[in-house]
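Written below as structure tokens is the structure these notes are about.
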Amino acid sequence: MALLEVQELSKNFGGLAANYQINLQVYEGEIVGLIGPNGAGKTTLFNCIAGFYPPSQGIVRFKGKDITGLPPNKICRFGIARTFQLVRVFKDMTVLDNVRAGAFFRSNRGIQAKNKALGVLDFCGLSSKKNMLAGGLTIADKKRLQFANALATEPSFLLLDEAMAGLNQTEVAEAIDLVKRVQQAGITILLVEHVMEVVMPISNRVVVLNYGKKIAEDVPEKVINNEEVIKAYLGDKYHASHRAH
């Protein structure tokens, strides 16, 4: 049985179908990449899964339970956490207090939440910055902090929305390492990403959206050779350079 199952999901905004009859399954332990051009409906799908938008139709199941349209806090309680494309941190709080806020989701005891937060910061490589104000962090560290905040809620499933956008090559490599370690820790990942050099090597499968519809789903090697995907998103330039390698 799939850990996450999306069945015939559609989301309309007025007359616009941002998602149209999307079917998607993610199995325990996988990293699944979700790609497509801007406006394809990737973040809308995340928002429907995580409870930020109620779907117009269709069903979302997690661990066999129907979670369609539940509010974000209840969906998080089931074990789904997410990061945001536009980084959200509490700028005027310390790095430690940002993550402790996430840890309080599972524990109402201060010392327990603090210890959990310290462990997550260590895992994410932010221990040395725990007393800094979050607003003073670099964009890479803010993304890492957002990652840590999500992990502090003890998820079994993580939705990562463009975790690598705006990072340099070194920061991207560090972020990839963190994603792999999260997977090794037993957390399943659905990843929206525009950096193909990131999404292709680490994804078990890749799902492609275009104009709100799923146009392809396969292992990365087959997706990059899919004519419809090349036309809609990758372009001949990426395809040719990849084939050359």
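Quick notes on this structure:
- GNM result for the chain, Cα springs below 10 Å: residue of ILE230, ILE75, ILE35 fluctuating most strongly: ILE230
- Proximal aspartates and glutamates relative to LYS63, as straight alpha-carbon distance under 18 Å, when same-chain residues fewer than 8 apart are discounted: GLU5, GLU8, GLU28, GLU30, GLU154
- Order of GLU154, GLU28, GLU228 - criterion: other Cβ atoms within 10 Å of each residue's Cβ, fewest first: GLU228, GLU28, GLU154
- Close amide H contacts of ASN210 (hydrogens built in the peptide plane, cut-off under 5 Å, sequence separation of 5 or more or a different chain): ILE215.
- Proximal lysines to LYS65, defined as alpha-carbon separation beneath 28 angstrom and excluding residues fewer than eight positions away on the same chain: LYS11, LYS42, LYS74, LYS116, LYS180, LYS213, LYS214
- Panel values: segment 145-232, Kirkwood radius from alpha carbon pairs, Stokes-Einstein at 4 °C and 1.567 mPa s, translational diffusion coefficient 92 µm²/s.
- Taking the number of Cβ atoms within 10 Å of each Cβ as an exposure proxy, the fewest-first ranking of LEU126, LEU158 is LEU126, LEU158.
- Derived scalar couplings ³J(HN,Hα) [segment 199-212; Karplus, 6.51 cos²θ - 1.76 cosθ + 1.60; whole Hz; x for Gly, Pro]: 5, 5, x, 9, 8, 6, 9, 10, 10, 10, 10, 8, 6, x
- Comparing GLY15, GLY186, GLY235 in a Gaussian network model of the chain, where Cα atoms under 10 Å apart are tied by springs, the biggest mean-square fluctuation is seen for GLY15.
- Exposure proxy order (Cβ contacts within 10 Å, fewest to most) of ILE215, ILE187, ILE59, ILE80: ILE59, ILE215, ILE187, ILE80
- Rounded to the nearest whole angstrom, the semi-axes of the ellipsoid equivalent to the chain, taken from the Cα gyration tensor as √(5λ), stand at 30, 22, 15, largest first.
Since every read-out is calculated from the coordinates, none of them should be taken as a lab result. Computed from a predicted model, the values in this text were never measured in an experiment. We place every Cβ from the backbone using ideal geometry, glycine too, and count neighbours over all the protein chains shown.
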